[in-house]
1. I'd like the Karplus ³J(HN,Hα) series for segment 137-153: coefficients 6.51, -1.76, 1.60, θ = phi - 60°, whole numbers in Hz, and an x wherever there's a Gly or Pro.
2. In whole Hz and in residue order, list the ³J(HN,Hα) couplings for segment 206-213 that follow from phi through the Karplus curve 6.51 cos²θ - 1.76 cosθ + 1.60, θ = phi - 60°; x for Gly and Pro.
3. Residues with amide H under 5 Å of residue 353's amide H, sequence separation 5 or more or different chain, H placed in the peptide plane at 1.01 Å from N; which?
4. Once you've got the Cα coordinates, tell me which of 154/195; 195/313; 130/403; 195/322 are over 26 Å apart.
5. How much FRET efficiency would the formula 1/(1 + (r/R0)^6) give for residue 463 and residue 123, where r is the Cβ-Cβ distance and R0 is 41 Å, rounded to 0.05?
6. Assuming a ≥ b ≥ c are the square roots of the Cα gyration tensor eigenvalues, decide whether segment 241-332 counts as rounded (a/c under 1.5), prolate (otherwise, with a/b larger than b/c) or oblate.
7. Mind ordering 368-379, 239-250 by average Cβ neighbours within 10 Å, highest first?
8. Largest first, what is the accessible-area ranking of 388, 311, 277 with a 1.4 Å probe?
Amino acid sequence: MIHSPKSYPSLEFLNLSLKKMTDSFAHCASHINYRHKMKTMFIFSTPCCSPSTAFFSPFRASNSKPLRSTLSLRSSISSSSITSTSHCSLAFNIVKHKEKNVVSANMTSSVSSRTFLNAQNEQDVLSGIKKEVEAGTLPASIAAGMEEVYLNYKSAVIKSGDPKANEIVLSNMTALLDRIFLDVKEPFVFEAHHKAKREPFDYYMFGQNYIRPLVDFETSYVGNMPLFIQMEEQLKQGHNIILMSNHQSEADPAIIALLLEMRLPHIAENLIYVAGDRVITDPLCKPFSIGRNLICVYSKKHMLDNPELVDMKRKANTRSLKEMAMLLRSGSQIIWIAPSGGRDRPVANSGEWAPAPFDSSSVDNMRRLVDHSGPPGHIYPLAILCHDIMPPPLKVEKEIGEKRIISYHGTGISTAPEISFSNTTAACENPEKAKDAYTKALYDSVTEQYDVLKSAIHGKKGLQASTPVVSLSQPWK
């Protein structure tokens, strides 16, 4: 999930009327004895012989940076075939299956033309793009984006100072271009609830290895690591975890996973993201989205782009909401949501970056969904700082295809103790004030944590930026 094309919108779709829906789930929600089911925090299992291990370089000393991408990316691309799907202009299609509506999601063929996988240098890559355009197999607009990303990614990785920068660029970019080209030929269609594709091509590890060289781990930090460990224990007990977060770039999922993977790989791999239709339709984003667990929705910001599709989008969002409700009823789920409805932008007056305000209806609707699910639920505020790596455009753009800016920089995430709705709203006079008070409490916590990360990374205070509320660490060391 990258290149900052569109955003992971979050919970805008939950501004549907949820009262009737959550009430209908409430009467049938039951607490399952998870111990007898031996349910652990392996939310979605991955094969014990996952190809992900092939993506890593040999382990480095504990005082060095986390593992970087290697040339093994290309050798791990399988040529075995999977069922293909027909082209569709939308991210996910609703079809009839048995007696209920479901969303079709067929894996595209993994057979590649080898145009990009056989590239031995930059000239081969760029000439390969030109060759496919001339052959009529690659749209010129996508080709231009591919070339732009290649050059910007190369510049960023070289600035990292890695002695193998050129090899890393060639390995990661040929893998990306191959996946993009494959999807152009046979577009992937997402389910309402999409599970990360780990084989025969490991899209998750591909995304990790692509973003990893862009992260300066020496100036990256995690706030309150013990709370993330606490989340893992709660998941093992069958509880649900909701991360109410700000949203900075298309790299957010990879940044969260990269900063947690050494200590908490299961959380890193099994986090579910509420994802907007833009990141599952943009050709340059789709390979990264395929590697994440998603609840796919249509963003309210773009709901009216095509009036003829409004009704279909709303029905699809209702279906996605039901998918989320069923997941929560099963327990042991961890879901990331950005109630702001989009990526953060610089504040108009100061030009400084800050978390965008949370939408109170989105927060309240998600809280109600969790409360009515059955298993215990915990809502944590999460702050992310990573806009330097892939900053979004200064304003929201309607069309897909924004300029891709890629940089090498430090990043950070932080969480704080879960915030209780009943304790926060005890003195509120009515439900509306309670809703606003709870949203404010979550947003204020995210902002406070963000300021600490900003002081550590941009202010260059490092671990010394820690406060009584946010204790910074580098768990990969």
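1. 9, 9, x, 4, 5, 6, 4, 5, x, 4, 5, 4, 5, 4, 5, 5, 5
2. Along segment 206-213, the couplings run 4, x, 4, 5, 6, 7, 3, x Hz.
3. Hits under the 5 Å cutoff: 347.
4. The answer is 154/195.
5. 0.40
6. oblate
7. Taking the mean over residues of other Cβ atoms within 10 Å, the ranking is 239-250, 368-379.
8. Output order, biggest surface exposure first: 311, 388, 277.
The values are calculated or read from the model by the stated rules, or taken from the named source; none is laboratory data. Keep in mind the model is a prediction, meaning the values are calculated, not measured. Cβ sites come from the backbone with ideal geometry, for glycine too, and all protein chains shown count toward neighbours. Quick note on the areas: whole protein, heavy atoms, side chains included, nothing else; ligands and nucleic acids left out. Shrake-Rupley method; radii C 1.70, N 1.55, O 1.52, S 1.80 Å.
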